[in-house]
Amino acid sequence: MEKDEGSPSLYRIRFHGRGGQGMKTASRILGSALFQEGFQVQDAPRYGAERRGAPIFAYVRASRDPINERGIIHAPDLVIVADETLLSIPAAGVLHGVAAATVLLVNSGENVESLQARLNVAGRLIAFAAEKEGLHDLRYVGAACAGAAARLIGVISRSSLEVAIRDELAHLGDAIIKNNLQLALGFYDLMAPHVGVVTPGRGISALDYRNPEWVDFPFEEARLSVPAVFAPGTSARLKTGLWRTERPVLDPDLCKRCSLCATYCPENAITLDRQGYPNIDYDHCKGCLLCVEQCPAHAMRTVPEHDTAGGRKGEEHS
Amino acid sequence: MKRILLTGNNAAAWGARLAGVEYVPAFPITPQTEIIETLAYWIDSGEIDCRMTTLESEHSMITAAGAAAATGVRVFTATSSQGLLYGMEMLYTVAGWRAPFVMVNVSRGLSSPITLEPDHNDILAARDSGFLQIHCATCQEVLDGILLAYRLAEHEKVRLPVLVNMDGFYLSFTREPVEIPDAAAVRRFLSGYDAENIRFRAGAPLSEAVAVLGGTLYSYFRYEMHLAALNGLKAFGEIAADFAAIFGREYRDVEGYRTDDAELVFVMIGSFATKAKEAVDRLRDAGIPAGLVRPILLRPFPRERIRNMLAGKKGVAVIDQNLSLGMGGILHAEISSALYGVAGSQPIVAGFIGGLGGRDISAEEFYQMANETLQAVEEGHAPPPRLLFAREELAEVRRMQQIAGVTRNAGESHE
């Protein structure tokens, strides 16, 4: 049979999280589960900075027909956000291509109306507070998201999800598989009220499409077009602190003012005040926690970001 | 046979494993490293009987690959981008040894500026080296391409090394369903490597790659390599027929997709060509008879096949994911040369540069390329070459330049 014009047969799904939260694994679990259901599948992670805590995304395409589309998904049918702090980072691209038909699934305790207003999205938004629903270890947030996504798509059986998890995590051993299974299936069940809300999109018609608006490419002298950074201190403008999932916090009572933390900080994010006490620049501290490792007096503590006052929900990216 | 989800990199490792490779000289580079890691894991766990040596550079790695192949063992290696360039001297050199092996290149744009994402300037820099080139569009083709490549490389009328190319990220890190053939079936397709008389052994020394002055001998040896490379066209046809008989998947040196009645044909290589297929389907839905011509074999160059496939078409849109600085698209020049001098009316050949450094090519851009090419057909002359680059991208460049402290003089465009 000839393919219908713009036949809605291709699911396009994107997972957003931070390096270390298992987004690649989540996409693979979902991809594998769809493959179990007899779909053609394509799944891939896209790394920016290959660093724990940095924003990453992964995507899945699934169709009953061979998939010819490739690369980043520009018109998603489902976007899963494992870490809500990404919503305030435009560079993370969480909302890229999100339209009225897109379902947005956000790991957040915030109520849906407030999230919808804050993000200015018209389509269906489903919020789930993973920690309230039994996610005790952030390392498993990927499995939780994959389980929830599988139910929203509505074409994946519980047993296919289970097979996918066993396949994808086989190298990690039984204990880890068990934890992931329990969480993924739990979040699969949790999404029962929303089963099948995700529908495959139509793709772009060749009859009615937005002109790509190519430019007549200008020549510019080498003094302009050399790939060089002339301005000093540009890295100060990037708030790499937004990559952080945990932060070091100083207990001044224990600090011996040895300055080892400042010496070892790879980002020069720790300076010493006049008395010799360290001062942490949280705008640029990436949360590597080398200072915590190095401090001989154990004066640096590790505090999860969401336990700090207000988290970073309201922070804006400049 | 089993069918599972595999990345392009894993599919490459499976191809090497099934080919029964005996020696893998290695040097890491993104986005290729996963291939070597996978093989290393299998060697370590005893799943394959193979020797791996880590070298201190790609220059040494390619030397080791050629030298090992000259001792009569089956050799596999892989690299990417700067690595391929660093080994460039030895690419030309080992090809002249006529000791065949297979190397995978995972395409990645070249410095400067530096990137990790794909285009084809790396693999096309090796275009004239004597290595034959197979360009893959899917993860399945990566696995199959390696098996085909060994047969091609070791063919008695060829005996040249072969590069199998895949795009970084778009294939290397992307999983797709891949059929992994049974080892027994592969052995029916690809038996052990026979080095014939070109076999270096300590007990029977020979002089390899001798010095020749005056040009006569040099010309003889080099032109023999050229003829051997051209023999690859016929050999590939025979080998692909064997492959289809055993595995049921058909490959030709040039893939044609809906070309028979097409008036407008895209020409491109690599994984982005599947995007072109999608565009062809949608354009046909919209009443535009489009098609795709995709060379799988680029060296040797299937000139006659391409000529025949493009004969009688109105417009051809060649999409180059490479840029010969000061010239333009490399594929555009090669396709144009294939069409030149043929009797009868020739299609308008439009040239587009796109996908440099991993820059995506959208569905809308395929439609627009089709429409602009058809417009040129109406007007009767080829349009000037075009870089796929949107107004908003130029604005983004300007924003980044401002942050980088690029100073524009009064009156210089900021637009």
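The values are calculated or read from the model by the stated rules, or taken from the named source; none is laboratory data. Keep in mind that this is a model prediction, so the values were computed, not measured. A quick note on method: Cβ atoms are made from the backbone with ideal geometry, for glycine too, and the neighbour counts reach across all protein chains shown. Remember, those area values only see protein heavy atoms, side chains included, never the ligands or the DNA or RNA. Shrake-Rupley method; radii C 1.70, N 1.55, O 1.52, S 1.80 Å.
Report the equivalent ellipsoid semi-axes for the range B:203-338 in whole Å, largest first, defined as the square roots of five times the eigenvalues of the gyration tensor built from alpha carbon atoms.
Details: eigenvalues 258, 82, 33 Å².
Equivalent ellipsoid semi-axes, largest first: 36, 20, 13 Å.
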#### Entry: Accessible area of chain A divided out per residue, in Å², using a probe of 1.4 angstrom
49 Å²
## Note on the structure
As a percent rounded to 5, the proportion of antiparallel DSSP bridges among beta bridges in the protein assembly as shown is 45 percent
### Message
Given N residues in the range B:2-247, what is its alpha carbon radius of gyration divided by 2.2 N^0.38 Å?
### Response
0.96
### Query
Karplus couplings for the range B:22-37 from phi (6.51 cos²θ - 1.76 cosθ + 1.60, θ = phi - 60°), rounded to Hz, Gly and Pro as x?
10, 8, 10, x, 9, 8, x, 7, 5, x, 9, 3, 4, 5, 5, 4
### Query
Taking the Cα atoms of the range B:67-113, what is the range of coordinates along each of the three principal axes, in descending order and whole Å?
40, 17, 11
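Can you give the convex hull volume of the alpha carbon atoms of the protein assembly as shown per residue, in Å³?
Details: hull volume 153.5 nm³, N = 733.
Expressed per residue, the convex hull around the Cα atoms of the protein assembly as shown is 209 Å³.
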### Task
Bin all alpha-carbon pair distances of the range B:51-132 at 10 Å intervals from 0 and give each bin's fraction as a whole percent.
19, 52, 25, 4, 0
### Cysteines without a disulfide-compatible partner [chain A; Cβ-Cβ under 4.7 Å]
A:145, A:255, A:258, A:265, A:285, A:288, A:295
### Task
Round to the nearest 10 and give me the degree value, 0 to 90, for the angle of helix B:8-18's Cα axis relative to the longest principal axis of chain B.
30 degrees
### Task
Over all directions, average the projected area of the Cα convex hull of chain A and note it in nm².
21.6 nm²
### Query
Share of Cα-Cα pairs in the range A:28-170 beyond 19 Å, in percent?
54 percent
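Peptide A:60-72: average number of partner chain Cβ atoms within 10 Å per residue? Don't jump to the answer; show the numbers that get you there.
Working: counts 1, 2, 0, 0, 0, 1, 6, 5, 12, 6, 16, 13, 4.
Mean partner shielding for this stretch: 5.
Roughly how big is the A-B contact, given as buried accessible area in Å² (both sides, 1.4 Å probe, nearest 100)?
For chain A against chain B, roughly 4700 Å² becomes buried.
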### Task
Enter the Cα centre distance for the pair the range B:254-330 and the range B:79-94, rounded to the nearest angstrom.
28 Å
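Determine the order of B:257, B:340, A:140 by accessible area, beginning with the largest, at a probe radius of 1.4 Å. Write out the running numbers ahead of the final one.
Numbers: B:257 55, B:340 185, A:140 30 Å².
Ranked list, largest accessible area first: B:340, B:257, A:140.
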### Message
Could you tell me how many cubic angstrom of Cα convex hull volume the range B:55-192 has per residue?
### Response
108 Å³
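How big, on average over all directions, is the shadow cast by the Cα convex hull of the range B:260-393, in nm²?
On the way: hull surface 33.6 nm².
The orientation-averaged projected area of the Cα hull of the range B:260-393 comes to 8.4 nm².
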### Task
May I ask you to give the solvent-accessible area per residue for chain B, in square angstrom, as obtained with a 1.4 angstrom probe?
40 Å²
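What do you get for chymotrypsin sites (Phe, Trp or Tyr not before Pro) in the range A:190-234 restricted to DSSP loop and a cutoff of at most 10 other Cβ within 10 Å of the site's Cβ? Can you show the working numbers first?
Values: sites: A:209, A:214, A:219, A:230; in loops: A:209, A:219, A:230.
Passing sites in the range A:190-234 are A:219.
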### Summary
Which of B:57, B:207, B:336 fluctuates most in a GNM of chain B (C-alpha springs under 10 Å)? That residue is B:207
#### Entry: Relative contact order computed over the range A:10-194 (Cα-Cα under 8 Å; 6+ residues apart), in percent
24 percent
### Summary
Between the modelled labels at residue A:249 and residue A:228 (7 Å from Cα along Cα→Cβ) the distance in nm is 4.6 nm
### Task
Sort B:251, B:170 from largest to smallest accessible area, using a 1.4 Å probe on the heavy atoms of the protein chains.
B:251, B:170
#### Entry: Heavy-atom accessible area order for B:335, B:348, largest first, 1.4 Å probe
B:348, B:335
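Percent relative contact order of chain B, based on C-alpha pairs within less than 8 angstrom and at least six residues apart?
Working: 821 pairs, mean separation 61.7, N = 415.
With pairs under 8 Å counted, the relative contact order is 15 percent.
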### Task
Could you pull the accessible area for residue B:359 with a 1.4 Å probe, rounded to 10 Å²?
50 Å²
#### Entry: Base-10 log of normalised Debye intensity for chain B (one unit scatterer per alpha-carbon) at q = 0.13 Å⁻¹
-1.13
#### Entry: Given B:275/B:314; A:178/B:275; B:2/B:313; B:157/B:313; A:256/A:286, the pairs whose alpha carbons are separated by over 31 Å
A:178/B:275; B:2/B:313; B:157/B:313
### Task
Report, by chain and number, residues whose modeled amide H sits under 5 Å from the one on residue A:247, excluding near sequence neighbours (fewer than 5 apart, same chain).
A:303, A:305
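For the range A:10-194, give the percent of accessible area contributed by carbon and sulfur heavy atoms, probe 1.4 Å, rounded to a whole number.
On the way: 3490 of 6970 Å².
Carbon plus sulfur share of accessible area: 50 percent.
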